[in-house]
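Shown next, in C-alpha coordinates, is the structure this report addresses.
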Amino acid sequence: MKLVERLIDRRTDIKLLTAVNGSLGIELAKSSLPDVILMDINLPGISGIYALKVLRGDAATAHIPVVALSANAMSRDIEVGRQLGFFRYLTKPIVVEEFMSTLDLALKLNKP
(Lines give C-alpha, C1' and ligand atoms only; values in the text may rest on other atoms or scores of the structure.)
Protein backbone atom coordinates (compact mmCIF):
# COMPACT_ATOMS: atom_id res chain seq x y z
CA MET A 1 0.00 0.00 0.00
CA LYS A 2 2.92 2.33 0.70
CA LEU A 3 4.14 2.14 -2.92
CA VAL A 4 0.64 2.77 -4.25
CA GLU A 5 0.28 5.75 -1.91
CA ARG A 6 3.59 7.20 -3.16
CA LEU A 7 2.60 6.71 -6.80
CA ILE A 8 -0.80 8.31 -6.32
CA ASP A 9 0.76 11.21 -4.39
CA ARG A 10 2.54 12.17 -7.62
CA ARG A 11 -0.82 12.77 -9.25
CA THR A 12 -2.65 15.97 -8.38
CA ASP A 13 -5.75 14.76 -10.25
CA ILE A 14 -6.31 11.72 -8.02
CA LYS A 15 -7.34 11.41 -4.38
CA LEU A 16 -6.59 8.06 -2.76
CA LEU A 17 -8.97 6.67 -0.15
CA THR A 18 -7.80 3.56 1.72
CA ALA A 19 -9.39 0.86 3.81
CA VAL A 20 -7.63 -1.61 6.10
CA ASN A 21 -9.86 -4.56 5.18
CA GLY A 22 -12.36 -5.70 2.58
CA SER A 23 -15.50 -4.93 4.56
CA LEU A 24 -14.43 -1.35 5.17
CA GLY A 25 -13.38 -1.09 1.52
CA ILE A 26 -16.86 -2.09 0.38
CA GLU A 27 -18.43 0.48 2.71
CA LEU A 28 -16.02 3.16 1.47
CA ALA A 29 -16.73 2.31 -2.16
CA LYS A 30 -20.48 2.49 -1.61
CA SER A 31 -20.30 5.79 0.24
CA SER A 32 -17.77 7.59 -1.96
CA LEU A 33 -18.41 5.97 -5.38
CA PRO A 34 -14.81 6.29 -6.62
CA ASP A 35 -13.83 6.37 -10.29
CA VAL A 36 -11.54 3.32 -9.83
CA ILE A 37 -11.02 0.75 -7.10
CA LEU A 38 -7.65 -0.84 -6.38
CA MET A 39 -8.26 -4.18 -4.69
CA ASP A 40 -5.77 -6.46 -3.01
CA ILE A 41 -6.85 -10.07 -3.47
CA ASN A 42 -5.61 -11.19 -0.03
CA LEU A 43 -7.47 -8.80 2.23
CA PRO A 44 -7.95 -9.22 5.96
CA GLY A 45 -11.43 -10.49 6.80
CA ILE A 46 -12.87 -11.14 3.35
CA SER A 47 -11.06 -11.82 0.10
CA GLY A 48 -10.79 -9.31 -2.70
CA ILE A 49 -12.68 -11.77 -4.88
CA TYR A 50 -15.63 -11.77 -2.49
CA ALA A 51 -15.46 -7.98 -2.21
CA LEU A 52 -15.59 -7.73 -6.02
CA LYS A 53 -18.71 -9.92 -6.08
CA VAL A 54 -20.39 -7.66 -3.52
CA LEU A 55 -19.49 -4.53 -5.50
CA ARG A 56 -20.67 -6.06 -8.78
CA GLY A 57 -23.95 -7.03 -7.13
CA ASP A 58 -24.75 -3.44 -6.16
CA ALA A 59 -26.10 -1.19 -8.92
CA ALA A 60 -24.31 1.83 -7.43
CA THR A 61 -20.85 0.23 -7.67
CA ALA A 62 -21.25 -2.34 -10.44
CA HIS A 63 -19.84 -0.02 -13.12
CA ILE A 64 -16.66 0.98 -11.25
CA PRO A 65 -13.49 -0.55 -12.73
CA VAL A 66 -11.76 -2.71 -10.12
CA VAL A 67 -8.04 -3.35 -10.56
CA ALA A 68 -6.73 -6.40 -8.72
CA LEU A 69 -3.34 -6.18 -7.03
CA SER A 70 -2.02 -9.57 -6.01
CA ALA A 71 1.04 -11.58 -5.13
CA ASN A 72 -0.73 -14.54 -6.79
CA ALA A 73 1.11 -14.31 -10.09
CA MET A 74 0.42 -17.67 -11.72
CA SER A 75 -1.16 -17.38 -15.16
CA ARG A 76 -4.18 -19.35 -13.87
CA ASP A 77 -4.70 -16.79 -11.05
CA ILE A 78 -4.58 -13.94 -13.56
CA GLU A 79 -7.04 -15.62 -15.91
CA VAL A 80 -9.47 -16.43 -13.09
CA GLY A 81 -9.27 -12.81 -11.91
CA ARG A 82 -10.15 -11.54 -15.36
CA GLN A 83 -13.00 -14.02 -15.69
CA LEU A 84 -14.39 -12.86 -12.36
CA GLY A 85 -14.65 -9.31 -13.65
CA PHE A 86 -11.56 -7.45 -12.55
CA PHE A 87 -10.75 -4.64 -14.99
CA ARG A 88 -7.09 -5.65 -14.84
CA TYR A 89 -5.12 -8.06 -12.69
CA LEU A 90 -1.72 -6.68 -11.73
CA THR A 91 0.81 -8.76 -9.88
CA LYS A 92 3.28 -7.78 -7.21
CA PRO A 93 5.88 -6.48 -7.21
CA ILE A 94 4.09 -3.64 -8.98
CA VAL A 95 5.56 -2.52 -12.28
CA VAL A 96 5.19 1.24 -12.01
CA GLU A 97 4.60 1.95 -15.72
CA GLU A 98 2.00 -0.83 -16.00
CA PHE A 99 0.25 0.34 -12.84
CA MET A 100 0.08 3.97 -13.96
CA SER A 101 -1.11 3.14 -17.50
CA THR A 102 -3.77 0.78 -16.09
CA LEU A 103 -4.93 3.51 -13.73
CA ASP A 104 -5.10 6.04 -16.57
CA LEU A 105 -7.08 3.66 -18.78
CA ALA A 106 -9.55 2.82 -16.00
CA LEU A 107 -10.07 6.52 -15.28
CA LYS A 108 -10.68 7.29 -18.97
CA LEU A 109 -13.18 4.46 -19.34
CA ASN A 110 -15.17 5.58 -16.32
CA LYS A 111 -15.54 9.20 -17.43
CA PRO A 112 -18.89 10.10 -19.02
Item to complete: Name every residue in the range 52-103 that is open to solvent by less than 50 Å² (accessible area, probe 1.4 Å), more than 15 Å from the chain's Cα centre (by Cα) and within 19 Å of LEU28 (Cα to Cα), in order of residue number.
Response: ASP58, ALA60
Worksheet entry | In the range 3-50, residue farthest from ALA71 (Cα to Cα) [restricted to those that are open to solvent by less than 40 Å² (accessible area, probe 1.4 Å) and of a type in the set (Gly, Ala, Ser)] | ALA29
Practice prompt. Name the residue, out of LEU16, LEU107, that is in contact (Cβ under 8 Å) with a residue 12 or more places away in the chain and in contact with a helix residue (DSSP H, G or I) (Cβ under 9 Å, 6 or more places away or on another chain).
Written response: LEU16
Discussion item. Quick check on the range 32-49. Is at least one of its residues free of Cβ contacts under 8 Å to residues at least 12 places away in the same chain and over 15 Å from ASN110 (Cβ atoms)?
Written reply: no
Worksheet item: touching a residue at least 12 places away in the same chain (Cβ under 8 Å) and within 14 Å of the chain's Cα centre (by Cα), is that true of LEU28?
Response: no
Item to complete: Kindly provide the set of residues from the range 75-89 that are touching a residue at least 12 places away in the same chain (Cβ under 8 Å) and farther than 19 Å from ARG56 by Cα, ordered by number.
Response: ASP77
Practice prompt. Check whether at least one residue in the range 24-36 is among the charged types (D, E, K, R) and over 15 Å from PHE86 (Cα atoms), and report yes or no.
Written response: yes
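The values are calculated or read from the model by the stated rules, or taken from the named source; none is laboratory data. Nothing here was measured: the structure is a model prediction, and the numbers come from that model. Counting neighbours? That spans all protein chains shown, and the Cβs are built from the backbone with ideal geometry, glycine included. For the accessible areas, the whole protein counts, side chains as well, though only heavy atoms, and no ligand, DNA or RNA atoms are used. Shrake-Rupley method; radii C 1.70, N 1.55, O 1.52, S 1.80 Å.
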